[in-house]
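We did not get these values from a lab; they are worked out from the coordinates using the rules stated. What you are looking at is a predicted structure, and each value in this text was computed from that prediction instead of being measured. Cβ coordinates were reconstructed from backbone atoms using ideal geometry, including for glycine residues, and neighbour counts include every protein chain displayed.
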Amino acid sequence: MRVNEDLGTLKQGSTVAIIGGGPAGCGCALKLHNLSREKGINLNIVIYEGKVFEGERQFNQCVGVLSPPIKEILEKELGINFPFHLVQRIINGYVLHSDINSIILDGDGEPSYAIRRIKFDEYLLNQTRSRGIKVINARVVDIEFQRDGVIVYSENKNTKADVVVGAFGLDEGSIGIFERCTKYRKPKSLDSIVTKIHPENEFMESFGNRIHAFLPSLKEIEFGAVTPKGNHLTINIAGEKITSNSMDRFISFGPVKKILPPFERIKEKELTYFKGRFPISLAKEIYGDRYIIIGDSAGLVRPFKGKGVNSGLLTGIKSAQIMFEEGISKEAFKKFYKECEDIVEDLPYAKLVRALALLFSNLRLMPYVINLARGDEKIKNALFDCVSANKNYKEIVRGNLKIKLILKILKILIEGIGIIREDELF
């Protein structure tokens, strides 16, 4: 039947249009290119990206920390070198803060790397260009599904493709197009606000190589962090309804102020805030005949604590493999969903961890948890795994929430409702 033939695997001369030139879109494009060379066929791969990464004219709201196994993904899966020249600082641990105490969390595995995210995106996109993949610097304004293909309309050049890949993050314009033209529905998300400060060189040298993570009792802020880069600190917060006032309160929050330099020693007297979002649930109908949605757009990320770059690259790679091995029909793309079941199955556990974190923060019980972790290696390891995202939440919960630990948590909840005495915590 002609329709089945058209929706089969990619073949000589097939065209794939990818909307979005971030990690998910580039991961898909590079894997498609590698597979086409292995199979000896020519593919037309087109990436649409509305942002201009060169010259740092855009700001990416991602904090910009690359964590394991990023090097393995880039080198083994995509055949490109890890960009060590972009690394601004090697991150070797974390400090988790409550309202009144803190704990150092250092792992013994591979380090993470602090980079400028916009420079990393530029690096990936240039890797696609160097392999002859076409990059169109324009926003997509509409898509039109036909029996024999998909027309992608943009501000610049239009493309008739066999299949379209949505790798547009949480861009509202692209979301609107796909929600209008398909059954796709966007994932739930949290707001995030990012800013940066440039302290004096002496302060940056003394700050250390740990990320400071906060679970404050500030009502609208679910979590925040201060991340050291080369010559500046990146500060980010997240929550359902955060505003610039939320960031003002976070920077003025006692435990945060303690690790920042005095305001008069900061070069910027007026900070610039950037607002974005990240997904915390799966999107609906992420695939159909001639289309597939990947990365943040699909909600296929580690919720609450990200590894969004890794997830974007991996979902891009998996989508490319499915198009070559199974086809570009809705039926074929079912295999993609199965290939991502490690992320899908992790969601309920992530929701549990997020609910616990919110409960303990709102009830001002995080000091008790931190104090408990100082004397219990399992709790300390669990906190490190949650903050660093070195393990998925399923592993963390199943590996640590034993009966003994559950009883300890219940004890904290029962005893911790009263007034917290600081002399009991230190």
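Determine the dipole magnitude for the chain: charges of +1 sit on the beta-carbon of Lys and Arg, -1 on that of Asp and Glu, nothing else is charged, the reference point is the Cα centre, and the result goes in debye to the nearest 20. List each step's numbers first, then the result.
Details: 62 positive and 53 negative charges, 70 e Å.
The dipole of the chain has a size of about 340 debye.
So in the chain, what percent of DSSP beta bridges are antiparallel if you round to the nearest 5? Given both bridge residues lie in the chain, the antiparallel proportion sits at roughly 70 percent. Around the amide H of Ile80, modelled in the peptide plane, lie the amide H atoms of Glu75, all under 5 Å away and 5 or more residues distant in sequence or on another chain. With neighbour counts taken as other beta-carbon atoms within 10 Å, the residues Tyr368, Tyr287 rank, fewest first, as Tyr368, Tyr287. A Cα-only calculation for the range 276-381 places Rg and Dmax at 17.8, 55 Å.
Report, in cubic angstrom per residue, the convex hull volume of the C-alpha atoms of the chain. Intermediate values should be presented prior to the final figure.
On the way: hull volume 61.8 nm³, N = 426.
For the chain, the hull spanned by Cα atoms encloses 145 Å³ per residue.
Taking the charge dipole of the chain about its Cα centre, with +1 at Lys and Arg Cβ atoms and -1 at Asp and Glu Cβ atoms, the residue from Pro111, Leu74, Gly40 reaching farthest to the positive side is Gly40. Tell me which DSSP H helices of the chain clear both cut-offs, 27 Å or more of axial length from alpha-carbon atoms and a mean Kyte-Doolittle hydropathy of at least -1.0. Those that clear 27 Å and a mean of -1.0 are 341-362. Among His97, His33, a tally of other beta-carbon atoms within 10 Å of each Cβ gives an order, fewest to most, of His33, His97.
The alpha-carbon of Lys39 sits under 12 angstrom from the alpha-carbons of these aspartates and glutamates, leaving out residues fewer than 8 places away in its chain: Glu325.
As a proxy for reagent exposure, ranking Cys28, Cys340 by other Cβ atoms within 10 Å from fewest up yields Cys340, Cys28. Both the radius of gyration and Dmax for the range 190-277 are 12.4, 36 Å, in that order, over alpha-carbon atoms. Computed from phi, the 3J(HN,Hα) profile of the range 284-293 under the Karplus parametrisation 6.51, -1.76, 1.60 (θ = phi - 60°) reads 9, 6, 7, 8, x, 4, 6, 8, 8, 10 Hz, with x in place of Gly and Pro. Backbone amide hydrogens, once placed in the peptide plane, bring Tyr48 within less than 5 Å of Ile18, Ile19, Gly20, Ile136, excluding anything fewer than 5 places away on its chain.
Quick one: of Lys71/Lys257; Lys160/Lys334; Lys219/Lys257, which pairs are farther than 28 Å apart, Cα to Cα? Let's see the in-between values first.
Values: Lys71/Lys257 34 Å; Lys160/Lys334 24 Å; Lys219/Lys257 18 Å.
In this structure, Lys71/Lys257 lie more than 28 Å apart at Cα.
Along the range 194-205 the Karplus relation, 6.51 cos²θ - 1.76 cosθ + 1.60 evaluated at θ = phi - 60°, assigns HN-Hα couplings of 10, 9, 9, 10, 10, x, 5, 4, 4, 5, 4, 5 Hz to successive residues, with x for each Gly and Pro.
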